[in-house]
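Have a look at the structure below before the remarks.
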Amino acid sequence: METKHNKPSSDWRSLTIYQIMVGSFLHGEGGAEGYDSLWGPAGERKDGNLQGVIQALDHIVRIGANAIWLTPIFDSSEADGGEKLQATGYFANNYFKIDPHFGTEDDLRELVEKAHERGIYVFLDGVFGHHGGVNEPSPSGFQIDSTPSLSDRREDGGTGNVKYPESLD
C-alpha cells in the first residue's frame, strides 16, 4: 500500500501524537540488539530498537498520527538499577550518546529524516531530574552535581540525585 507523504503541520494543535516506548516496541532487523528484559509478560522478549520505529512509520501515518514521542533513547546501558530500569531509558548514564541497545546516532538521523519525509514530527523524551549514574561531563565540560540536598526532597521522603541549582548549567 502506498503511503501519502505530507509536509509537517505548522500548527501544533493539529498534532496527533503516537507514543512509543522504544525498548518494548518493534525489533527492526539489522538494527541494535535491544534489551532482553523489561516489564511485561514473562518469557516475552522486549527488544525494540530505532530500526523497528523506522519500519513502523508507514503504519503510524496510516492510523493518522503525525508525530511520534519516543521514550528516552539516551545511553542507559550502564545505569544503576539493572536491565529493567535501563531498558526504560529514564535512567541515563550519558545524555550525549544513544543507548547502543536502541541503535546509533545514524539510526536516529535516519529515523528523523524518514519521519519528516512522511510529515511526522519526532519528539525525544528526556528526564533530567534524576539519572542512572552520569559521571562524565557534557561536551561543554559541565558536570551534574549528584549530591542529594534537602531542596531535592520528594513528597515520598526520598531525594532526587541531581542537585539544583548547581546542576542547571
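Tabulated results
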{"read-out": "Tally of residues being without any contact (Cβ under 8 Å) to a residue 60 or more places away in the chain and of a type in the set (Asp, Glu) across the range 111-133", "value": "2"}
{"read-out": "Count of the range 23-78 residues which are within 13 Å of residue 122 (Cα to Cα) and either in contact (Cβ under 8 Å) with a residue 60 or more places away in the chain or charged (D, E, K, R) (or both)", "value": "5"}
{"read-out": "Test: residue in the range 143-164 that is within 30 Å of residue 30 (Cβ to Cβ) and either at pLDDT 85 or above or not in a loop (DSSP other than H, G, I, E, B) (or both)", "value": "no"}
{"read-out": "Some residue of the range 88-107 being over 15 Å from the mean Cα position of the chain (by Cα) and farther than 18 Å from residue 29 by Cβ", "value": "no"}
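The values are calculated or read from the model by the stated rules, or taken from the named source; none is laboratory data. What you see is a predicted model, and the numbers here were worked out from it, not measured in a lab. Here the Cβ is made from the backbone with ideal geometry for all residues, glycine too, and neighbour counts use every protein chain on show.
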